[in-house]
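Scroll down for the structure; my scribbles are underneath it.
The values are calculated or read from the model by the stated rules, or taken from the named source; none is laboratory data. All figures in this text were calculated on a predicted structure; none of them were measured in a lab. Note that we place each Cβ from the backbone using ideal geometry, even for glycine, and neighbour counts take in every protein chain shown. Surface accessibility is based on the protein's heavy atoms, side chains included, excluding ligands, DNA and RNA. Shrake-Rupley method; radii C 1.70, N 1.55, O 1.52, S 1.80 Å.
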Amino acid sequence: MDSVIAIGHTAILALDELHDDELEVNHSSTLTSSPKKLPMSMTRTASINSRRLDINQSSDRTLKSLSFRGSARLRGMRLGLLLRSLGSVLSSSQGDAKTYSLSEPVEQVHAFISHNWTVSRLDKFLALSLHFNLHLGLVCMVCIVVTVLVIFLLGLNPSVHFCLAWKLKEENQSMTCVSSYILVFPVVFLGRELSRIFGIDRTFIFLDKTCIDQQSEASKQNGIESLGAFIQQSESMIIPCTRAYFERLWTIYEIATFLALHPRHKLIILPTAMARCTLIQAAGWYTYFFLQVLETICHSKEDHWRFEFWGKMLAHAILIPFSCMMVSQSRSWIVEMSQMQERIQNFSIAKAACSVEADRTFVSENIIAFSRDMRLVPRSASDEAACEAFEAFVREEVPGAVEKCCGHWGLPYRYLVFMFAPLTMIGFDHLFIPSGPDWGFCVVCLSMNFLSMPLLFALSLLIIRTSVDQRGAEKSHCAAVVFTTLVVGSAGYGQYVGMALLRIEVAEGSIPAIIAFSASILAQGMICWRLFKPPPMVPNERVWSCLNAKLADSPIKRDDRV
């Protein structure tokens with residue numbers, strides 16, 4: 001135990017010495033370097049070392065900004081009330097005694113909602129609903145499958161008469177799972193409100209409109225000046241934002257305070273365009289897949305080919321404009337994300353918009369105190385250098401949070417799985433065939449839901465990104481949409497045909513087909529893991545080299561080292 005404590009003490013000393021050296025070097029170089037390039041190295045060290053405010057060693061200004069003023073107290077609002085009536089409480093910023101009564105005194109807030117009131121109420125509702133209720137939608141899918149399984153075992157599962165084209169024989173098949181999938185959307189939109197009605201809503205959030213007493217100007221001002229205290233008592237911060245979020249002074253102050261107090265992974269950024277893109281595409285893909293299932297229904301084997309011809313014509317007639325619309329929607333989201341990243345890189349406290357100029361001094365002084373207490377700059381540094389250091393710190397931290405929440409390709413993997421989830425329901429329906437389960441088709445549907453379709457979507461986003469420059473300007477929008485649709489559509493159709501042919505061979509017991517089928521799924525799984533795995537937190541090489549040097553000089557035996 002003493003050896004472990006000695007190693008920890010040596011590590012802390014090594015980090016402190018390295019950080020102090022870099023602070024002095026970087027601060028002295030501020031006199032000769034440009035302000036944008038200067039603080040990046042020192043903020044990189046600060047962010048990787050997870051340097052946050054130490055309350056016990058903070059200045060009086062920082063302690064004052066993190067304390068409740070006057071009658072302000074920690075209050076929270078139940079999540080179900082926030083999302084009630086399609087987020088009606090998010091429609092305007094005006095608060096009164098009625099909105100204040102929606103919150104209650106709490107000991108801890110699960111999430112601090114930081115947002116702009118200029119953003120549409122519906123956009124914020126969709127982003128928050130998808131974030132908080134997505135897992136409830138997945139639970140709903142599991143409940144549907146289990147219910148259909150029980151009904152099938154009892155012999156009560158309704159089925160439709162259709163003809164399997166590749167078997168050339170008539171069968172009865174369940175459509176209960178794919179038909180019932182539509183119930184997932186009400187759960188995603190209303191899940192938290194239902195939990196509130198049943199009295200199981202235990203998630204408390206902070207919303208300024210409901211948790212700050214606005215019945216008098218004095219109590220309102222006390223609540224505003226206590227935002228730092230509210231943030232300190234919050235476990236995470238959720239930002240349903242647009243690109244304008246990083247141009248408002250108070251939202252900049254909120255995110256700056258949170259990054260000073262909490263690690264980056266607690267910051268959750270939810271671009272409203274991402275949620276809108278996900279939900280629109282999920283509804284569109286469900287409609288298309290449901291029509292594909294209806295296409296297989298026919299009355300007899302004799303008229304199947306005639307029915308299939310017209311069914312295919314109708315499906316492709318719908319698919320072409322639908323695919324173009326989906327690609328266009330994805331392209332709009334990529335442009336929005338590119339512009340948001342540009343705003344983050346141009347993050348500036350001095351250029352932030354503020355409706356009341358008197359607030360700018362209050363915010364700037366608090367951020368300067370944060371910067372010094374976080375040791376981003378020496379305490380003797382000027383106010384301008386402290387602001388520049390903190391701006392660079394935010395530019396270093398926020399892009400990682402955006403990538404964590406939005407995924408490396410623009411949408412997180414869980415959103416992509418939800419988007420193409422009807423494929424899984426179609427696969428499970430093929431397990432409830434009276435003549436026997438079709439395990440091959442079920443495996444194909446599952447692999448397409450979890451592997452193939454996310455990969456194709458990543459391919460489409462990659463092509464879209466190549467047609468959008470760094471400033472988010474669009475180049476030949478229509479041509480790019482058509483080209484992306486053709487490339488991705490051809491790849492998807494070829495992959496589907498290949499998997500279907502392999503499935504037929506697998507069903508006949510062909511060993512090479514089984515090996516090829518398994519290898520295809522394994523390869524797609526490895527590619528998906530490579531593309532969608534979360535970015536690792538890589539430590540600074542200089543920090544570890546300094547730490548190793550200190551350990552090498554320490555009197556601790558090599559066998560006792562960690």
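Quick rundown of the values:
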read-out: The range 223-250: number of residues that are over 25 Å from the mean Cα position of the chain (by Cα) and at pLDDT 90 or above; value: 3
read-out: Any hit, the range 117-134, residues being crowded, with 20+ Cβ neighbours inside 10 Å and more than 18 Å from the chain's Cα centre (by Cα); value: no
read-out: Index of the failed condition, residue 93 passing every other in (1) farther than 30 Å from residue 263 by Cβ; (2) surrounded by fewer than 21 Cβ atoms within 10 Å (Cβ to Cβ); (3) at pLDDT below 90; value: (1)
read-out: Exclusive hit being surrounded by fewer than 21 Cβ atoms within 10 Å (Cβ to Cβ) and over 25 Å from residue 340 (Cα atoms), set 358, 369; value: 358
read-out: Those residues of the range 352-390 which are acidic (Asp, Glu) and either assigned to a loop (DSSP other than H, G, I, E, B) or touching a Lys or Arg at 6+ places or on another chain (Cβ under 9 Å) (or both), in sequence order; value: 357, 365, 373, 388
read-out: Count - residues of the range 333-351 that are touching an Asp or Glu at 6+ places or on another chain (Cβ under 9 Å), in a helix (DSSP H, G or I) and polar (S, T, N, Q); value: 1
read-out: Residues within the range 307-337 that are at pLDDT 70 or above and not aliphatic (A, V, I, L, M), tallied; value: 11
read-out: Test: residue in the range 253-263 that is out of contact with any His (no Cβ under 6 Å at 6 or more places or on another chain), surrounded by fewer than 23 Cβ atoms within 10 Å (Cβ to Cβ), among the polar types (S, T, N, Q) and touching a residue at least 60 places away in the same chain (Cβ under 8 Å); value: no
read-out: Residue within the range 200-210 that is at pLDDT below 90, among the acidic types (Asp, Glu) and open to solvent by less than 40 Å² (accessible area, probe 1.4 Å) present; value: yes
read-out: Any chance residue 112 is at pLDDT 90 or above, out of contact with any helix residue (DSSP H, G or I) (no Cβ under 6 Å at 6 or more places or on another chain) and not in a loop (DSSP other than H, G, I, E, B); value: no
